[in-house]
């Protein structure tokens, strides 16, 4: 099985802000950022390696999916299983503010493998969601436009990575990641 992930382009939000499942718009240049990937995506489409798109319902993924879908005449499907991890009450706050004022955040930073943000999801919840997406969809020859948490989850599940290695890889905004020969 071969499939490809695209981390959404940079959202229009202050750096070092916790946003998780908050629906943050993209920066105004996102289409130009995506167009730099068009030669690579075109080659994958023309060789039959990409024939459909799956996307998170959050606009920072859904808008690029619609843009790429139109450019390459590919169908796309929106799936809520592809949403970023929910950080609950922390969403919209800066990490500095959380560190200074929220002992729950400090605890989560020390115990991220098992702790749950207030009103949010644990890493286990995210991994379960990613596993359900993999199990319930035919991913071969697809492009999945999603978030770094889901891409890391796919690596963890498909390559049987240790949980301590969860933050490696760290996909850049707008980067295309290959999952081949799985």
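Derivation of every value follows stated rules applied to the coordinates shown; laboratory data play no part. What you see is a predicted model, and the numbers here were worked out from it, not measured in a lab. Backbone-built Cβ (ideal geometry, glycine too); neighbour counts: all protein chains shown.
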Margin query: Tell me the Rg and the Dmax, in Å, that the Cα atoms of the chain produce.
Written below: 16.4, 52
Check: Restricting to the stretch 3-179, what percent of DSSP beta bridges are antiparallel, rounded to 5?
Finding: 35 percent
Check: Relative to the longest principal Cα axis of the chain, at what angle does helix 59-72 sit, 0 to 90 degrees, rounded to 10?
Finding: 10 degrees
Item checked: In degrees, nearest ten, helix 148-158 long axis to first principal axis of the chain (Cα) -> 80 degrees
Notebook entry, point to check: Which of 52, 109 comes first, and how do the rest follow, when ranked by fewest Cβ neighbours within 10 Å?
Noted result: 109, 52
Next item on the list: Provide the gained length on full extension for the span residue 176 to residue 124, in nm with one decimal, where the gain is 0.36 nm per separating residue minus the Cα-Cα distance.
Entry: 16.2 nm
Next item on the list: Compute the acute angle (0 to 90°) between the alpha-carbon long axis of helix 123-136 and the principal axis of greatest extent of the alpha-carbon atoms of the chain; round to the nearest 10°.
Entry: 20 degrees
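Let me check against my output: what whole-number percent is the relative contact order of the chain, with C-alpha pairs under 8 Å and at least 6 apart?
Values: 327 pairs, mean separation 66.5, N = 182.
Computed value for the chain: 37 percent relative contact order.
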Check: How would you rank 55, 146, 17, going from fewest to most other Cβ atoms within 10 Å of each one's own Cβ?
Finding: 17, 55, 146
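Please arrange 176, 6, 26 by counting, for each residue, the other beta carbons lying within 10 Å of its beta carbon, fewest first.
Details: 176 15, 6 25, 26 22.
With the fewest neighbours first, 176, 6, 26 line up as 176, 26, 6.
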